[in-house]
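Take a look at the structure below.
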Amino acid sequence: MSKLWGGRFTKDTDKLVEEFTASIEFDQQLALEDIEGSLAHVQMLGECEIISLEDAKTITSGLYTLKKKIEAGELSYTVEDEDIHMNLEKHLIEEIGPVGGKLHTGRSRNDQVATDMHLYLKRKTIEMIGLIEDAQIAILTQSKENVDTVIPGYTHLQRAQPISFAHHLMAYFWMLERDKERMIDSLKRVDVLPLGAGALAGTTFAINRERVAELLGFDSIYPNSMDAVSDRDFILEFLSAASILMTHISRLSEELVIWSSQEFGFIELDDSFCTGSSIMPQKKNPDVPELLRAKTGRVYGNLIGLLTVLKGLPLAYNKDMQEDKEGMFDTVKTLEGTLKLLAPMIGSMTINEAAMKKAVTQDYSNATDLADYLVTKGMPFREAHAVVGQIVLHAIQQKQYLLDLEFSVYQQYSSLFETDLYDVLAPENVVATRASTGGTAQTQVRKQIEMAESKLLKKQTLTK
Ligand code: ARG
């Protein structure tokens, strides 16, 4: 059989052109969505008496035969038939004869491909939401075990103030929570049916788009046929949400790499998540977080790629839009791989509480607390900041920490100091007293964890 669109041509397509324009190599991933869309379309055609019920039945059973063959991996595709839509139509006609040619009544590949993409991305977005939640659960579980673990908190990667390790981890929980919310919100825009838009202007047949939406489980239909076939912003939105998500995962990965270095030694990743060196026998490399950090690049690239493809396109469909697929598939695959590793990696890492504690006792990260102490005794904060700055300088010169300085030294700097200052400076107290809402005090972190747990349950029912 020749090309499905061969009627007005007098020459065969150049072989290189055929290969260059074909999308079958990658859009065969949409085979089942294509069948699903066709099944709903043909049922509607029958119900609306656009084709006979008998023809609709024949086509339906032909489509089911193809579905079985796809699932069994028995269907072969050719570049001559360009894309998944024409490959499947060809197979259908081979299967059931010329009546198969009635399937494309009132439909174009333009609304067909858009429908396939909506079906695909809706399914994948729901899957991603579940995977993000798995990573959140892993973070939450580690956090619950580490509320009382004290670690230095950093700004500018310089020791700043001691914090609960759970507080640090939970920051990522909330980032992922927003990522999940972005994905959930994007479903509103994915859950819209383009089919029935035809090539661009609608169709002369009395179709019932609402019925097709109902059959496919779409929440609404595109009100404008040109928008329906030209819109790819539902993909851009997914790629944007994915990019932000990867930014968060990359930052967490960077911290895992730093924390597992010999210099920090705060955590140890499980052996099953690391690899060795072919030359240096002692090495245990954090390849997984390194790669998660690096994979962020391709996810950004896929977003920028599609933004660029779309930016200059006149309405309606242009072949340029075929370039929407590989980046989307790649981002889905990358996110799946990333999220599936993240949860067990976090769950299996060991926390070196002693190293964290040691770090906190060998720095000046309790200096703010000393200044706050003077403030509670009546000194203006700015003045207290200057006094403590001088004490820190003195301690550094003496190679001592604030807890090591004799009380007589403190008395030289201010008469407001009393011996209770040593209790104030102890790392556990430093953490425990930051009890403002959302602060690192253990009481606050426990509240935060409770809030997080209730969020999870809510979202699980929301996404079914
Ligand atoms: N393979 C095409 C794509 O992915 C399907 C739509 C083709 N439409 C057309 N008028 N050539 O975009």
Selection count where residues are surrounded by fewer than 22 Cβ atoms within 10 Å (Cβ to Cβ) and either of a type in the set (V, I, T) or within 16 Å of the ligand (Cβ to nearest atom) (or both), scope the stretch 130-146 = 2
query = For the stretch 415-435, does any single residue satisfy the condition of being under 30 Å from M183 (Cα atoms) and modelled with pLDDT of 95 or more?
reply = no
query = How do the helices (runs of 4 or more DSSP H) wholly within the stretch 200-291 filter down when requiring 1 or more residues that are at negative phi, in contact with a Ser or Thr (Cβ under 8 Å, 6 or more places away or on another chain) and among the polar types (S, T, N, Q): which remain?
reply = 233-259
ask   = Does E49 meet the test of being more than 24 Å from E210 (Cβ to Cβ), acidic (D, E) and away from the ligand (no atom under 16 Å from the Cβ)?
value = no
query = For residues in the stretch 90-122 being away from the ligand (no atom under 16 Å from the Cβ) and without any contact (Cβ under 8 Å) to a residue 24 or more places away in the chain, which is surrounded by the fewest Cβ atoms within 10 Å (Cβ to Cβ)?
reply = P98
key: Positions within the stretch 394-424 being of a type in the set (A, V, I, L, M, F, W, C) and closer than 21 Å to K358 by Cα, in sequence order   = A395, I396, L402, L403, L405, L421, V424
Subset tally (residues that are touching a helix residue (DSSP H, G or I) at 6+ places or on another chain (Cβ under 8 Å) and small (G, A, S)) for the stretch 440-456 = 2
Hits in the stretch 11-49 (condition: assigned to a loop (DSSP other than H, G, I, E, B) and among the charged types (D, E, K, R)) = K11, D12, D14, E49
request  = Considering every residue within the stretch 197-204, establish whether at least one is away from the ligand (no atom under 16 Å from the Cβ) and either crowded, with 20+ Cβ neighbours inside 10 Å or under 20 Å from L256 (Cα atoms) (or both).
outcome  = no
query = Just one of the numbered conditions (1) at positive phi; (2) part of a strand (DSSP E or B) is not true of G106; which one?
reply = (2)
inquiry  = Cβ contacts < 7 Å: first residue closer than 22 Å to Q262 by Cα, restricted to the stretch 274-300; second residue assigned to a loop (DSSP other than H, G, I, E, B) and of a type in the set (K, R), any location; separation 6+ or different chain. Result?
reply    = C274/K284; G276/K283; G276/K284; S277/K283
query = Tell me, which helices (runs of 4 or more DSSP H) lie completely within the stretch 346-464 with 3 or more residues that are among the hydroxyl-bearing types (S, T, Y)?
reply = 367-376, 407-413, 442-462
remark   = Only unsatisfied item for Y77, checking (1) of a type in the set (F, W, Y); (2) surrounded by fewer than 20 Cβ atoms within 10 Å (Cβ to Cβ); (3) over 22 Å from A213 (Cβ atoms), is (2)
ask   = Which ones in the stretch 328-348 are of a type in the set (A, V, I, L, M) and surrounded by fewer than 21 Cβ atoms within 10 Å (Cβ to Cβ)?
value = L341, A343
ask   = For the stretch 72-89, how many residues are under 17 Å from L32 (Cβ atoms) and within 16 Å of the ligand (Cβ to nearest atom)?
value = 8
query = When residues of the stretch 2-23 are filtered for being of a type in the set (S, T, N, Q) and either touching a Lys or Arg at 6+ places or on another chain (Cβ under 9 Å) or within 13 Å of the ligand (Cβ to nearest atom) (or both), how many remain?
reply = 3
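Conditions (1) within 16 Å of the ligand (Cβ to nearest atom); (2) over 30 Å from I267 (Cβ atoms); (3) surrounded by 14 or more Cβ atoms within 10 Å (Cβ to Cβ); (4) not polar (S, T, N, Q), marked per residue:
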position: S278; (1), (2), (3), (4): no, no, no, no
position: D287; (1), (2), (3), (4): no, no, yes, yes
position: R298; (1), (2), (3), (4): no, no, yes, yes
position: I304; (1), (2), (3), (4): no, yes, no, yes
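The values are calculated or read from the model by the stated rules, or taken from the named source; none is laboratory data. These numbers were taken from a predicted model, which means no experiment stands behind them. Methodologically, a virtual Cβ is constructed for each residue, glycine included, from the backbone with ideal geometry; neighbour enumeration extends over all protein chains shown.
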